[in-house]
Amino acid sequence: MGTIITTKMDKKYLIIAVAVLALGCIGTLQAFTHPETQEPQEIRGIVVDEYDAAWYEHQQNLWQKKAQANPSDEHAWEQYFSAARYADMLNDQYGMTDRKKAVLDEMAKHIPNSFTYNLAMYQTERDMQGADASRWAEKALQQIPADIGRQNTTMLIAYLVLKGELSDADRTMLHTLALSLYKNNAYPSYLLRYADNCLRGMESGALYFENGDVSFYAPLILQEALDLHTDKIIIPISFLWLDTYRDTLCRKLGIKPFEVTKDYAAVENGNEVYLQDIVEHIIKESRRPAYFSPRESLTKENGLSRKLYNEGLVFRYSTHSYDNMAVAMRNVEEKYRMDYLTEPQYVNEEQWLGSERIQLNYMVMLAPVVKNYKQSGDTLHANRLTRYLSAAVVRTSLSNEEKQKYFNLLGDKQ
């Protein structure tokens, strides 16, 4: 559910809506209630499905039996490891945990030097301080199977982006992997359309600081596969922790690298302040327009939140106040393409439970625009936008009670 904050700017009031996004807007996890299920289910990831740790632990046991029954089946081993990895993740455990080590030890015995084993080792050591995980990723890049799948593809894309300076071969590989996501319909079209609308409202050459898997991979697919919005620079905020990525980004922007000038360990919320300082350094030095996807931490009263203005589907960074409502209205009337929200679902594609709620950002972020239209007497635009926003809510699998909470943002009972 989004959080609403009212901000006063030059005698104008604008409701800044902040949607909670994590890995593509995850909702309430489904509790594991079917331990009797004995056939393993595909582990598709938390951006697709919503299950708790117990469900993944059960799947881990089922896939272990599958892998042990056919030790040469790399898919079974991949699923076995993925179940263990997500079980750990939902228990807030990372790196070489006892759970993952047990799986990897089995994999090393049965499928050593395989693509699946090398990528699993990369995913594990990537979260371990001081570990050189890159050697495993480089091996995996030389062994990519024809049926690589979405999760493994995005894992390798993330590695290449984090790597920093890319060779021509790396750049070609990045393009090929992103293109494969598009050709294989790896991401539902509604996620690509949402990303397209977010980028449409930005100025040319903009920086887009995003948070979450969907907010990164969907724009990347648009850029690499459809040659759209290639002037925008997508910056995953979490990647800024890595020196190689951050320094490469600064070189790409033609700016000096970020230098630590304060003792962040002695500062309250030091990690958050450190990351905010990096972000503002990039914005100020590059002198580019900068935008942010909605993210929970921005609801705090300090830091960047005081410089972020809702322009429709994203926040724009600005050190001074301005009529951002006018910009949001212009985006709605001239730039955003929202007809698809009210059209029949011509293509039979699945709604990802783990990511479908990203569509609720239409309502959370744009409901203030509807209210502004109503206050100014512009019923034509108010009614049209209301239809779009309502349709975005209806498209989700939320209960009627949960949907009503979003309809209430419009001020009218639906």
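The values are calculated or read from the model by the stated rules, or taken from the named source; none is laboratory data. Please read these numbers as outputs of a predicted model, since none were measured by experiment. Reconstructed Cβ throughout: ideal geometry from the backbone, glycine too, with neighbour counts over all protein chains shown. The accessibility values were calculated without ligands, DNA or RNA, using every heavy atom of the protein model including side chains. Shrake-Rupley method; radii C 1.70, N 1.55, O 1.52, S 1.80 Å.
Each residue, residue 135 and residue 61, gets one label point 7 Å from its Cα in the Cβ direction; the gap between the two is 3.7 nm. If you plug the beta carbon distance of residue 387 and residue 41 into 1/(1 + (r/R0)^6) with R0 = 41 Å, you get a FRET efficiency near 0.65. Distance from the Cα centroid of the stretch 313-336 to that of the stretch 140-178 is 35 Å (rounded to whole angstrom).
Fully extending the segment from residue 263 to residue 143 would add 38.8 nm, taking 0.36 nm per residue of separation and subtracting the current Cα-Cα distance.
Label sites at residue 349 and residue 128, each approximated as a point 7 angstrom past Cα along Cα to Cβ, lie 3.8 nm apart.
As a test of reading the structure, rank 259, 224, 210 by solvent-accessible area (1.4 Å probe, protein chains only), most first. Present the calculation step by step, with values, prior to reporting the outcome.
Numbers: 259 130, 224 30, 210 5 Å².
In descending accessible area the options line up as 259, 224, 210.
With Cα atoms defining each centre, the stretch 32-92 and the stretch 198-267 are spaced 33 Å apart in the structure.
The calculated FRET efficiency for residue 70 paired with residue 182, based on their beta-carbon distance and R0 = 35 Å, is about 0.60. Rounded to the nearest 10 degrees, the angle from helix 53-69 to the longest Cα principal axis of the chain is 30 degrees. What the pair-distance distribution of the stretch 259-414 shows, using all Cα-Cα distances binned every 5 Å from zero, is 1, 8, 15, 17, 16, 14, 11, 9, 5, 3, 1, 0 percent.
Computed about the Cα centre, the dipole magnitude for the stretch 131-264 is approximately 120 debye when only Lys and Arg (+1) and Asp and Glu (-1) carry charge, each at its Cβ.
Taking every lysine pair in the stretch 76-185 that is 8 or more places apart or spans two chains, those with Cα atoms closer than 29 Å amount to 10.
May I ask for the angle, rounded to the nearest 10°, between helix 168-183 and the longest principal axis of the chain, with both axes built from Cα atoms and the value confined to 0 to 90°? On a 0 to 90 degree scale, this one is about 70. Helix 189-200 and the longest principal axis of the C-alpha atoms of the chain enclose an angle of approximately 50°.
Here the sum of -39500 (n - 2.57) over DSSP H runs of 4 or more residues, divided by the residues of the chain, equals -15000 deg cm²/dmol at 222 nm, to the nearest 500. Taking all Cα pairs closer than 8 Å and separated by 6 or more residues, the relative contact order of the chain comes to 17 percent.
Largest first, the residues 147, 52, 105 sort by 1.4 Å accessible area into 147, 105, 52. Counting only protein heavy atoms and a 1.4 Å probe, the chain has 47 square angstrom of accessible area per residue.
Where the accessible area of the stretch 143-284 is counted over protein heavy atoms with a 1.4 Å probe, how much of it, in %, is carbon and sulfur?
Reported share for carbon and sulfur atoms: 49 percent.
Heavy-atom accessible area, probed at 1.4 angstrom with all protein chains present, ranks 284, 66, 307, 252 as 252, 284, 66, 307, highest first. Of the beta bridges DSSP finds with both residues in the chain, what % are antiparallel, to the nearest 5? So the antiparallel bridges in the chain amount to around 60 percent. In the stretch 122-194, the ratio of gyration radius to Kirkwood radius, Rg to Rh, stands at 1.00 when only Cα atoms are counted.
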